[in-house]
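The values are calculated or read from the model by the stated rules, or taken from the named source; none is laboratory data. Model, not experiment: these values are computed from the prediction. Note that we place each Cβ from the backbone using ideal geometry, even for glycine, and neighbour counts take in every protein chain shown.
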């Protein structure tokens, strides 16, 4: 979307077919159109220069990936939901293994958002030439979280296979190499690539979410799929996720709650919470429980999600 104009691709369009420029019709009221939406168009859909169609209908969304500025729904920022993308099948969480270091707190937030939206997660670890992945993978060993290791010179065949015939949204902190990855997947995208500062934080190089059709592979009959590149984010607020649903992002802890008392808040000061015994028995990583409880505290406005410590000692 650019200054009230939306770029739409017709269902039967191919990679070389013209796109349609459209504006949101007044009859949609306050309904917003977001990247990934399937819409109904009227008017000039020829795609010729100067043509303008109108978006008159937004089809029901099969998935909606959301985030908020804060975790606490009692604040104005927490009540302001931002739809990242509609109708995505897969959330690709891009994290560098070094420069900047991985932040498991951010990854945990993305996993909660993915499970809440019923979107499959995929962990994509970049800069694998700079650090080993064992520590970060060990943190998620109980989740059986699918992952890929990406080096600057490594082929992207495995990633392409996981993107084929799907709509995948890429999220990650600035500086983790997400735009570089997008440019390798879609060379004509020419997404801006920034540098990482001395304190390990990247500059925001992507300023808006954009859907990009993946190039068709030679001889392939399958739909190559789409990727949605998003701006680098520093936090992923979860005020839109209920406290009960928050636990779904921690499937390694779910079974323990069967032994909790009714309406257990699962906080550290709840003496009868079964989560502590579960971790003490070695059935889950204590860092995972710590991350879950930090999210609970942030939802209650007890911590600032922008400064809370990461389980590995890095800022989130």
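Just to be sure before I move on: is residue 51 surrounded by fewer than 22 Cβ atoms within 10 Å (Cβ to Cβ), modelled with pLDDT under 95 and touching a strand residue (DSSP E or B) at 6+ places or on another chain (Cβ under 7 Å) in the structure I sent? Answer is yes for this residue. In region 59-77 there is at least one residue matching the filter, namely being modelled with pLDDT of 90 or more and farther than 18 Å from residue 169 by Cα.
One line per residue, one yes/no per condition, for (1) at pLDDT 90 or above; (2) more than 22 Å from the chain's Cα centre (by Cα); (3) assigned by TED's automatic domain parsing to the domain that holds residue 77; (4) in a loop (DSSP other than H, G, I, E, B):
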| position | (1), (2), (3), (4) |
| --- | --- |
| 247 | yes, no, no, no |
| 257 | yes, yes, no, no |
| 263 | yes, yes, no, yes |
| 267 | yes, yes, no, yes |
| 272 | yes, yes, no, yes |
| 276 | yes, yes, no, no |
| 288 | yes, no, no, no |
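Do the conditions hold for residue 57, that is, is it more than 20 Å from the chain's Cα centre (by Cα) and outside any loop (DSSP other than H, G, I, E, B)? Spelling it out, residue 57 is indeed more than 20 Å from the chain's Cα centre (by Cα) and outside any loop (DSSP other than H, G, I, E, B). Check whether at least one residue in region 116-127 is over 16 Å from the mean Cα position of the chain (by Cα) and more than 20 Å from residue 293 (Cα to Cα), and report yes or no. Looking for residues that are over 16 Å from the mean Cα position of the chain (by Cα) and more than 20 Å from residue 293 (Cα to Cα), one finds at least one in region 116-127, hence yes.
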